[in-house]
1. Mind putting together the pair-distance distribution for segment A:173-377? All Cα pairs, 10 Å bins, whole percent per bin, short to long.
2. Would you mind giving the mean number of other chain beta-carbons within 10 Å of the Cβ of each residue in B:202-209, as a whole number?
3. Compute the relative contact order of segment B:148-262 as a whole-number percentage, counting only Cα pairs closer than 8 Å that sit 6 or more residues apart in sequence.
4. Sorted from fewest to most neighbouring beta carbons within 10 Å, what does the list A:Ser159, B:Ser124 look like?
5. Which of the peptides B:53-59, B:89-95 is most tightly packed, and how do the rest follow, going by the mean number of other Cβ atoms within 10 Å of each residue?
6. For chain A, what does -39500 (n - 2.57) per DSSP helix run (n ≥ 4), summed and divided by total residues, give at 222 nm, in deg cm²/dmol to the nearest 500?
7. Compare the Cα positions of A:Gly306, A:Gly125, A:Ile322 along the charge dipole of chain A (+1 at Cβ of Lys, Arg; -1 at Cβ of Asp, Glu; about the Cα centre) and return the one farthest towards the positive end.
8. Return A:Tyr404, A:Tyr295 ranked ascending by Cβ neighbour count within 10 Å, so the fewest neighbours appear first.
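Values in this text are rule-based calculations from the coordinates and carry no lab data. The model shown is predicted, which means the values in this text are computed figures rather than measured ones. Cβ sites come from the backbone with ideal geometry, for glycine too, and all protein chains shown count toward neighbours.
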Amino acid sequence: MNTKFFAGLAIVSTAAAIPAYADVTVDITGATAFRAATLLSIKARFDASGVAYQYSHDQAAGAFSGATRAIFKGTFPGVSGITTIRTSFNGSVEGIRALVDSPASDATYYSNIAGNFVTAAAIGGGETHTNTVGFSKTTESAQAEIAFSDVSKSSTPYSGFSLQPANAACGVVVFTMLTNEGSTVSNVTSQQFRALMASGMQPLSLFTGNPADETFVFGTGRNDGSGTRTTYLAESGYGITTPVKQFVTNVSTSTALSTIQLVPAGGVNTPALPGQSAANASTVWGQDVDGNGGYNSGSTLRTDMGKTGTSVTVLDETGTDIFGEPVRADLVTFLSLNDAVTARNNGAVFCAYNGVKLDDIAAGGSTMSAADKAKVTNGLYTAWGYQQMYRRNDITSGDAVTVYNGIRNAIPANLGAAGIPIADMVVGREVDGGIVAP
Amino acid sequence: MKLKKSCFFLGAATLSVVALPKANAANTAYAPGDLVLYFQQEGGTNTVYANLGSAAQYRGTASGVADGTNALNIADLNSTLVSAFGAGWASDTTIYAGLAGVFSTNSTLNTVTNGDPFRTLYVSAARTGLGNVGEAGSAGYTVNTNTGMTTGATGIATQNNVFENSYEGAIAISTTDISGIDDQNTFLSPGVQGTAFGIFGGGVMQQGQAGDLGTFGEEDNVEFALDLYRILAKTGLTGQVEGALREGSYEGTITINSTGGVSFQAVPEPSSIAFLGMAASAVLLRRRRSNI
């Protein structure tokens, strides 16, 4: 049931009796890169009202900034009446799709898009959360008003749709090349990465310059619903829509890779092999072909990057063992700094990109040092993109715009390790993967 | 209300002549800074250039405000579009239309021409619905960097230089092996525009519709409706018409109707809006009375 519709009816039916203030609900979806910054910004705006409010989320107490689903209810500065803000983050491309697709014309809209938001039943006074009596996971379908994306809509199949505003960039997301635990790859150039994406595997010597390195490096990464993937294919110059060849892990222990496979079309062989998932298929651009799939989950990818690859069975798309015996396998991928730090803490290794490395955060910590940040802001390090904060095209004024502006303006102060405020950037770029210059 | 034929635009008579390929000498019917209306067919072999005259004249005396001058029937492109794309061009969803103009790509000189500094970009954005005359029907553009302005200017100049150097006349059908249009306006995948002129992600063109878009102001049976934006690379120069740096200002809308007629409708002055409102009321009243 679309409660916004019924809420609208209720407002209409009582408009004559009540002088005032229509309550407003604003739903937010899209990429997770700025999830913490968004939730912290929402909370900061409610804090600024000076009026008690309630919020509820799907994380442990005090860990609301990591929530996928959250709901806030109270007084939002600049908005009369009660404002309810709900989040349900579902990824960059799906977030954009959630804004441009029409529930009225697409019967599968709600089943395609994870735009399910917790209901007000989750609200229990003050902070409630997963482990709190009173927290409810009851959800309902609704079309979001706002979506975050790691990439511009022009880098998605929804390029032809209009969204607001003209300049939706609200921050800079930094990425890094990453290799798995135990790998000797220390630098990845755009050329090497393109070669890796084109064939799925390349000799280790291509990356080390040592002819004695006769084992192979395997390319891995996300499926085409991912903003991270769109960013690395744009940034490296490979091409957003050009099919790739990527491997994903089928079998592993908590510390070591056991079997990897070139992703088959559809993500799954018949019969299915252990660890395969249909969700790994790439379907956004209509290119569900062998190799073009990838991890549907960034957290699974970053977990696997923390594992060693000293003895790995490598399967082709049909499930045939390519080498006939387990071999050493180095993995290379490209992750957002947040995900890369998590992977690094599990053993993965930061690589330089085109010879430039974020040295300090590669060694430890969770935020970039001033020296690392200067490499990005001045243009020496180019593995970054704008985080876009879009509104639906029909939302050009009113309370939803006030909420949008309030959150967007609060993001720079709540970015933490997620990114860099645009105001700090000396250089810029016009499109994803475009020229970086003042 | 300012509403008149294209007295200061290139005349329709001129535009009805399709240019011929030539070997040398610049096209005398084109000058840098002119606004070019262009068409391409995705997967096709023909493109079309049509010169709409100096881009600055569409801006008016100020940027993005109610001072533009309407011009109806600037050009009749029907025969050209039929020759290039066939008799069904108006309902062909593989045909795209766009606008682009720039005077110079020079990034160092502080020269102002017709109120525009060098690298001032004029580009289109597709209206998502016809909406109201005088209101932008698209989100517009922001260019993030100074380098981006140079890249964009170079892209537009590269496209239009082909028109200047390879043809003679105000309209040209240019095959894709010669044209700069398909090179500068690429596609990511079928039906999805890529980056135009090196900087405009998602492109600047509008895709043709199976049916027409409806009526927009003075124009019926509109097939394409392109919002025109002016983007400044520099501000504060003597003699320039000011505006926000690197942010597109909406200057009006170019429409192409089902018979190939090209018109420009500017942001109307307040008095014009009032007049249009009264005129609309009169029409409605007349229709209502006729139904009685």
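1. With 10 Å bins starting at 0, P(r) equals 9, 39, 38, 13, 1, 0.
2. Averaged over the peptide's residues, the number is 2.
3. For segment B:148-262, the relative contact order is 18 percent.
4. Lowest count first: A:Ser159, B:Ser124.
5. B:53-59, B:89-95
6. Taking each H run of at least 4 residues, the total per residue is -6500 deg cm²/dmol.
7. The Cα lying farthest towards the positive end belongs to A:Gly125.
8. Ascending number of Cβ neighbours within 10 Å: A:Tyr404, A:Tyr295.
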